[in-house]
Amino acid sequence: SYLCYLRYFLLAEDWNTIPHSVTEIFHKNIFLNIEVVELIESPWITLVTQMSHIPMKMSNEQNWDWVSTQIFTTCNVEQSLFNDWFTGHLNFQIEHHLFPTMPRHNFHKVQPLVRSLCAQHGLQYVKKPLLESFSSQLSLPSHC
């Protein structure tokens, strides 16, 4: 979020073109602006990153291989234009964990291959609606 303010200062080529009252207000309120952005951004990033991790069960007693661990400990959120935008394509958490360096906008392309792999090896591929993913964060897992 701080980068957007840095970009604002770096891209302003001619400070005389910006009305003085605007720059004065902006400079006086820069810390307030940063805090407002943080107040919005922090809950959002928490929701997006935790909706696919917290509700999934993990067991120290089971020795899963790496691929199985990635599939069992994460879940996906249904794909839609809104969900893709809102989560930054991290609604494909299973694919994100299996292919961490793949650009996020390509996850939907490998999803059919991953689902096929799961079906072939009897692994449960979990996909939830967005609201169900949010609500599952509020309930404690049964092993807690």
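Figures for the structure shown
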read-out: Theoretical gain in end-to-end length, Leu131 to Leu81 [0.36 nm per residue, Cα-Cα removed]; value: 16.5 nm
read-out: Computed over the stretch 53-138: relative contact order in percent, which uses C-alpha pairs under 8 Å that are six or more apart; value: 35 percent
read-out: Under-5 Å amide H pairs with Lys128, H placed in peptide plane, nonlocal only; value: Asn76, Val77, Glu78
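Just so you know, all these numbers are worked out from the coordinates, no wet-lab data involved. Computed from a prediction, not measured in an experiment: that's the story for all the values here.
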